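Notes follow once the structure below has been shown.
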Amino acid sequence: IETGQIKMHFESIDLYKLTEEIFEQFEEKAERKDIKLRIDGAVRKVLVYADWQRINQVMTNLVSNAIKHSFDAGEVVVSFDSSKKNVVTNVTDTGEGIPPEHQTRIFERFYRVDKSRSREKGGTGLGLAIVKHILDGHNSKPEVESTPGKGSTFSFKLPRVKPEGETDATKN
Ligand code: ATP
Ligand code: MG
């Protein structure tokens, strides 16, 4: 996958706003399965240093998967864990989950857990390979935690940008 041909554009981006925009785009798809899209937490501005377009692609792929694999009437939740230096973004679904033996392989190109199930749900098996590739360009990598029958959480870390006015003593 060659996404490296177009120059990276790093800047301070707001992950909260980016997530809101993506949720808007997936509103109908989620509604059709009666899935609730929610951002967890009280903080309404989450600044990181990253390439907006590429992280938009990462979040689009993760939210798309989360909706696709969620049970009807489930929930897709995005949450942010901020420390002094980093922000971890989590995308959690209430879905079929991924068996442990597949969890390390789903980031490979064209890899799908269940071929018949995947055929019926569509897709090429490239989404997570692209996620991995883009995060690699941010010196980061995607992680997955999943319980079959319950759901999955996909997470990735990006460098945090201090909001204006925050001193070193404000946050640990
Ligand atoms: P594409 O993203 O190219 O449309 P895809 O969704 O099948 O196709 P990936 O996004 O790379 O491909 O995901 C690879 C496989 O990992 C999926 O086919 C599915 O088996 C599994 N998977 C990914 N996300 C989830 C999830 N949230 N819950 C359960 N399984 C998942
Ligand atoms: Mg996908």
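We did not get these values from a lab; they are worked out from the coordinates using the rules stated. These numbers come from a predicted model, not from an experiment. In this analysis, Cβ positions are derived from the backbone assuming ideal geometry, glycine residues included, and neighbour counts consider all displayed protein chains.
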Between K36 and residues 5 or more places away or on another chain, the pairs with built amide H atoms under 5 Å apart involve G74, E75, V76
Computed over the chain: longest principal axis from alpha-carbon atoms vs helix 52-69 long axis, angle to nearest 10 degrees, is 40 degrees
Place a point 7 Å from the Cα of K68 in the direction of its beta carbon; the residues of the range 99-113 whose amide N falls under 18 Å from it are 99, 102-113
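For the chain, give the magnitude of the charge dipole about the Cα centre (Cβ charges: +1 Lys/Arg, -1 Asp/Glu; no others), in debye to the nearest 20. Kindly include the intermediate steps, with their values, before the conclusion.
On the way: 27 positive and 27 negative charges, 76 e Å.
Its charge dipole is roughly 360 debye.
State the Kirkwood hydrodynamic radius of the range 1-79 in Å, one decimal place, computed from all pairs of distinct Cα atoms.
13.6 Å
Checking the a/c ratio against 1.5 first, then a/b against b/c, what shape does the Cα gyration tensor give for the range 38-94? Mind dumping the intermediate values first?
Working: a/c = 2.74, a/b = 1.50, b/c = 1.83.
Oblate.
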Distance in Å, no decimals, from the C-alpha centre of the range 84-102 to the one of the range 137-161 is 5 Å
For the range 1-69, listing GluC sites (Glu not before Pro) in a DSSP loop whose Cβ sees at most 14 other Cβ atoms within 10 Å gives E2
Farthest towards the positive end of the dipole of the range 1-63, among F10, A30, V46 and with Cβ unit charges of +1 on Lys and Arg and -1 on Asp and Glu, lies the Cα of V46
